[in-house]
């Protein structure tokens, strides 16, 4: 009888370990397929010096590297020392392995010594800094 219980406990333990292993594989696979990239299209040509009244342009790229279609919400802010100000916002849907480059243009209407431009997409953020002329 004791031998039968040992076999039963061994089978139950093996089954539980197998189920945990399969769940771990499923979660890991799902996490690996859900990814995205956010980056500046031409980082070497980002504005670096702030000139009063001048329009500044740059672009950022959002890429869906996952296997599913994903909807993204983005916001662009400028912070020129007086708090963040929304420059533009939008949303975009990207299919698997699709990317979009989003152009941004903004002007500086006040005299400032430095500032930052932030791009926020869902839980990701990138930025660059500028100094006053």
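The values are calculated or read from the model by the stated rules, or taken from the named source; none is laboratory data. Computed from a prediction, not measured in an experiment: that's the story for all the values here. Positions of Cβ are backbone-derived with ideal geometry, glycine not excepted, and every protein chain shown enters the neighbour counts.
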Report task. Determine, yes or no, whether residue 96 is assigned by TED's automatic domain parsing to the domain that holds residue 40 and exposed (fewer than 14 other Cβ atoms within 10 Å of the Cβ). Result -> yes
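Check 52, 80, 86 and return the single one that is surrounded by 16 or more Cβ atoms within 10 Å (Cβ to Cβ) and either in the same structural domain as residue 128 (by TED's automatic domain parsing) or touching a strand residue (DSSP E or B) at 6+ places or on another chain (Cβ under 7 Å) (or both). Spell out how you get there, then give the answer.
Numbers: 52 fails: surrounded by 16 or more Cβ atoms within 10 Å (Cβ to Cβ); 86 fails: surrounded by 16 or more Cβ atoms within 10 Å (Cβ to Cβ).
Testing whether each residue is surrounded by 16 or more Cβ atoms within 10 Å (Cβ to Cβ) and either in the same structural domain as residue 128 (by TED's automatic domain parsing) or touching a strand residue (DSSP E or B) at 6+ places or on another chain (Cβ under 7 Å) (or both) leaves just 80.
Filter the strands (runs of 3 or more DSSP E) completely within segment 54-131 down to those with at least 2 residues that are touching a residue at least 40 places away in the same chain (Cβ under 8 Å).
Values: elements: 55-64, 70-79, 84-94, 99-107, 114-121.
So the answer is 55-64, 70-79, 99-107, 114-121.
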